[in-house]
Amino acid sequence: MCGIVCYVGHQECSGIIMDGLSRLEYRGYDSAGIAVLHEGNIAVARQEGKLSGLVTRLNESPLPGKMGMGHTRWATHGRPSENNAHPHRVGSVVVVHNGIIENHLELRAELEREGAQFSSETDTEILAHLVSQTLSKEASLKDAVKRSLERIQGSYAIVVMNESSPDELIVAKNASPLVIGMGENEMFAASDVPAILKYTRDVMFMEDGEMARISQSGVELTKLDGTKVNREVKRITWSHIQAEKEGYKHFMLKEIHQQPTVIADTLRGRVSIEGSGVATELMGFDDATARRIRRIVLIACGTSYHAALVGKYWLEKLAQVPTEVELASEYRARDPLIDPNDLVIPISQSGETLDTMEAIKIAKAGAARILAITNVVDSAIPRASDGTLYTHAGPEIGVASTKCFTAQLAALYMLAVHLGRRRLTLTKDRARELLENLLRVPTLMNEVLKQEDRIKQIAQDMANSRDALFLGRGLSYPIALEGALKLKEISYIHAEGYAAGEMKHGPIALIDENMTVVVVMPNDDSLKRIVGNVQEVMARGGKVVGIVSESDVESASIEMERIIIPDCAPEISPLISVLPLQLLSYHVADFKGTDVDQPRNLAKTVTVE
Ligand code: F6R
């Protein structure tokens, strides 16, 4: 995610920038840095760790100056460290960046061949080199930035400053947020409104493919090709806290709504439709090893365990590798059989969960290869693993995991397609079709989010329930488990998830007119059978809420509450059908007035046994 703030004006700026960064810490917090121009020289201070470290450093050695930029980092390329912290400096140019440069490996190799020396592992430093190199050939800083951006693929929000351009900052945006703030003889830009709200409420939201020259006297906004843009200035009426949540009532709701963007970020630069493949630079094993894998063991806790259960279906079906799923706490409670040809995949949003960490130690002792799926770069679990497939979901603040779950699913799906190609269990055409379906997920998720009002109505009724049952079959079974977990953890309603086929083996005894049964029933091979389960529930007076596909005719005659999801390929349905369940739990909890973002007795990272 990362947070950016910059300032040019008549005031000393380092305090303003640091104050802005402190309001963006929710976007990332593994390192931070600031650069300030003073009397023709740019001074840079960077620090690993939370912002407070940089504050202490600046208190000891203040940076004077009236133009500058700051950054709080959420690592994507390169571990959290002072060297990898932004701003990055090359010659007289400094850059801060939020986003992912997809073609960074090619560009870095090219720049190194031309003699460039890199001091970090980041993709961002490439941009600083490109601008510095181009500056000697271009008349203006803006043109140099423009030429450099033409060579970059990926997402970015950037600020560029140059020692010999004393009254201008160049900013640009593509697929990462950037807002310009307009003050009296002073201008700001930031990743998000809260960073500048204390100083101005008049803002201009930049759009993709735009850049701007910002100076004390104003802003010149253009498209990358130089065409002038006239953007309306908006007056912000939100408080700081509302602004951090982008106007959503809770972080959880914001994170649910972020999912289309998060999935796009997790796939960015990794999925190649032309090559029917998935980039694997961080996986830590080569093609020959991929072919040698005899068994996959997915290990996780809680919501991440549910992602693992979905992963098993994909890995077995697409890559045809026998796959087992283990609760980390149980795996470490026995003496599991481990083989050097096993691929062990710990899945953990935080990368710090103690049980998962201990399970890795056991698997390593058995000489298995470890590939982590994690959201937090360089956290304990990736450090203990041979390779890591990072989800790029940005920090998740709501304790109940939502966006990290779907990002884990996207990572597992990519891995299954990758292994399927390497092991020749998927043809090129089938892999391409699977990847095309995956790339449709953000659009389909947006369709689901439009159902929120309908889901809210259903949630209002459900808020008075004491118990709820969630049913699913096949790929929808882990989604039913996840729906039940979400509901119980934030609304405190007792909820159970079951494989629909297990109904007759016990849970059916619970059904009466007080029981709400949520059935995940997208259009797939199991639909006919699950419609049978719905009828069994209805016959016993249970209330059914069906998560059904748009074109479903199989259940059309059943009188139940319906939440419609768009038609999609069966393989990707878990990524779509979980969204209504997240929204349902959220709104039930909100009607009940519970502490949605910090439910009682729960912690975001579980580092105890
Ligand atoms: C539920 C939830 C937890 C976590 C579990 C594992 O919403 O967030 O069940 O999934 O504590 O955490 P990580 O993924 O950080 O290992």
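Report ³J(HN,Hα) in whole Hz for each residue of region 285-295, in order, from the Karplus equation J = 6.51 cos²θ - 1.76 cosθ + 1.60 where θ = phi - 60°; Gly and Pro get x.
Working through the residues one at a time gives 8, 8, 5, 4, 5, 4, 6, 7, 4, 9, 7 Hz.
Rounded to the nearest 5, what % of DSSP beta bridges with both residues in region 251-439 are antiparallel?
Working: 2 of 20 bridges.
For region 251-439, the DSSP antiparallel bridge percentage is about 10.
Relative to 2.2 N^0.38 Å, what does the C-alpha radius of gyration of region 81-224 come to as a ratio? Two decimals please. Please list the in-between numbers first.
Working: Rg = 14.8 Å, N = 144, 2.2 N^0.38 = 14.5 Å.
That works out to 1.02 for region 81-224.
Determine, from the Cβ-Cβ distance of Ser551 and Asp461 and an R0 of 30 Å, the FRET efficiency 1/(1 + (r/R0)^6), rounded to the nearest 0.05.
Values: r = 26 Å, r/R0 = 0.87.
After rounding, the FRET efficiency stands at 0.70.
Roughly what % antiparallel, to the nearest 5, for the DSSP beta bridges in the chain?
On the way: 64 of 105 bridges.
Antiparallel bridges: around 60 percent, rounded to the nearest 5.
Around Tyr26, with a cut-off of 14 angstrom between Cβ atoms, what is the net charge of the other residues, counting Lys and Arg +1 and Asp and Glu -1? Let's see the in-between values first.
On the way: positive: Arg23, Arg27, Lys50, Arg73, Lys245, Lys254, Lys403, Lys604; negative: Glu25, Asp30, Asp192, Glu244, Glu246, Glu255, Glu396, Asp597.
Here the count lands on 0.
Which angle from 0 to 90°, rounded to the nearest 10, does the C-alpha axis of helix 302-318 make with the longest principal axis of the chain?
Helix 302-318 and the main axis of the chain meet at about 80 degrees.
Give me the number: length gained by fully extending His505 to Asn59, i.e. 0.36 nm times residue separation minus the C-alpha to C-alpha distance, one decimal in nm.
Details: separation 446, 0.36 × 446 = 160.56 nm, distance 6.66 nm.
Between His505 and Asn59, full extension yields 153.9 nm more.
Just the number, please: carbon plus sulfur as a percent of the accessible area of the chain, 1.4 Å probe, no ligands or DNA/RNA counted.
Numbers: 10720 of 23290 Å².
The value for the chain is 46 percent carbon and sulfur by accessible area.
Cβ neighbours within 10 Å, averaged per peptide: list 142-155, 478-491 in order, most packed at the top.
Working: 142-155: 19.4, 478-491: 26.3.
Ranking, from highest mean packing down: 478-491, 142-155.
For region 191-211 and region 166-187, what is the separation of their C-alpha centers, rounded to whole Å?
Cα centres, region 191-211 to region 166-187: 7 Å.
Starting at the first residue of region 33-44, write each ³J(HN,Hα) from the Karplus equation 6.51 cos²θ - 1.76 cosθ + 1.60 with θ = phi - 60°, in whole Hz, x for Gly and Pro.
Karplus values, whole Hz, x for Gly and Pro: x, 9, 9, 10, 8, 8, 6, x, 10, 9, 9, 10.
Rounded to the nearest 0.05, what FRET efficiency do Arg334 and Lys228 give with R0 = 51 Å and r taken as the Cβ-Cβ distance? Could you check? Provide the component values of the computation, followed by the final result.
Working: r = 68 Å, r/R0 = 1.33.
Calculated transfer efficiency: 0.15.
Round to the nearest 0.05 the FRET efficiency obtained for Arg383 and Arg600 when R0 = 41 Å and r is the Cβ-Cβ distance.
Working: r = 32 Å, r/R0 = 0.78.
That pair, Arg383 with Arg600, gives E of 0.80.
Once you put a point 7 Å from the Cα of Glu358 and another 7 Å from the Cα of His10, both along the Cβ direction, what distance in nm separates them?
Taking the simple label geometry, Glu358 and His10 are separated by 6.3 nm.
In whole Å, what is the distance between the alpha-carbon centres of region 290-340 and region 533-609?
25 Å
Compare the Cα positions of Met521, Pro507, Gly542 along the charge dipole of region 461-609 (+1 at Cβ of Lys, Arg; -1 at Cβ of Asp, Glu; about the Cα centre) and return the one farthest towards the positive end.
Farthest along the dipole direction, towards plus: Pro507.
Just the number please: accessible area per residue for the chain, 1.4 Å probe, all protein chains included, in Å².
Working: 23290 Å² over 609 residues.
Averaged over the residues of the chain, the accessible area is 38 Å².
Take peptides 508-519, 257-268, 393-404, 32-43 and line them up by average Cβ neighbours within 10 Å, highest first, as a rough protection proxy.
Values: 508-519: 18.0, 257-268: 22.3, 393-404: 24.6, 32-43: 20.7.
Highest to lowest by the protection proxy: 393-404, 257-268, 32-43, 508-519.
What distance in nm separates the two pseudo spin-label positions at Gln320 and Asp287, each 7 Å out from Cα along the beta-carbon direction?
Distance between the two pseudo-spin positions: 1.8 nm.
Below 14 angstrom from the Cβ of Met515, what's the summed charge of the other residues (Lys, Arg +1; Asp, Glu -1)?
Working: positive: Arg466, Arg540, Lys543; negative: Asp461, Asp467, Glu496, Asp512, Glu513, Glu536, Glu561.
Local net charge: -4.
Between beta-carbons, use under 12 Å as the cut-off and find the net charge around Thr289, counting Lys and Arg +1, Asp and Glu -1. Walk me through the numbers before you get to the answer.
On the way: positive: Arg291, Arg292, Arg294, Arg369, Arg422, Arg423; negative: Asp286, Asp287, Asp342, Asp386.
Result for the neighbourhood of Thr289: +2.
Show the residues, 5+ positions off or on another chain, whose built amide H is closer than 5 Å to the amide H of Gly183.
Under 5 Å from the amide H of Gly183 lie the amide H atoms of Phe188, each far enough along the sequence or on another chain.
Could you name the lysines in cross-link range of Lys456, using Cα to Cα under 18 Å and dropping any fewer than eight places away on the same chain?
Lys249, Lys254, Lys486, Lys488, Lys543, Lys592
Determine the gain in length on full extension of the stretch Ala175-Glu274; use 0.36 nm per residue of separation and subtract their C-alpha separation, reporting nm with one decimal. Intermediate values should be presented prior to the final figure.
On the way: separation 99, 0.36 × 99 = 35.64 nm, distance 2.22 nm.
Working it through step by step, the gained length comes to 33.4 nm.
Working out 0.36 nm times the residue gap between Glu138 and Glu513, then minus their Cα-Cα distance, what length gain in nm do you get to one decimal?
Details: separation 375, 0.36 × 375 = 135.00 nm, distance 7.44 nm.
Contour length minus Cα-Cα distance gives 127.6 nm.
Enumerate the amide H contacts of Val544 below 5 Å, restricted to partners 5 or more residues apart or on another chain; note that Pro and chain-start residues carry no placed amide H.
Val517, Glu561
Given 10 °C and 1.306 mPa s, compute D for region 194-336 with the Stokes-Einstein relation, Rh being the Kirkwood radius over Cα pairs; round to the nearest whole µm²/s.
77 µm²/s
Any idea what % of Cα-Cα pairs in region 452-592 are farther than 25 Å? Working shown, then result.
On the way: 1537 of 9870 pairs.
Counting every Cα pair in region 452-592, those more than 25 Å apart make up 16 percent.
Considering Cα pairs under 8 angstrom that are at least six residues apart, work out the relative contact order of the chain and quote it in whole percent.
This gives 11 percent for the chain.
Kirkwood Rh over alpha-carbon pairs of the chain, then Stokes-Einstein at 10 °C and 1.306 mPa s: what D in µm² s⁻¹, rounded to an integer? Present the calculation step by step, with values, prior to reporting the outcome.
Working: Rh = 25.5 Å.
Result for D is 62 µm²/s.
The values are calculated or read from the model by the stated rules, or taken from the named source; none is laboratory data. Computed from a predicted model, the values in this text were never measured in an experiment. Positions of Cβ are generated from backbone atoms using ideal geometry, with glycine treated the same way; all protein chains shown enter the neighbour counts. When the accessible area is computed, the model is the full protein with side chains, heavy atoms only, and any ligands, DNA or RNA have been set aside. Shrake-Rupley method; radii C 1.70, N 1.55, O 1.52, S 1.80 Å.
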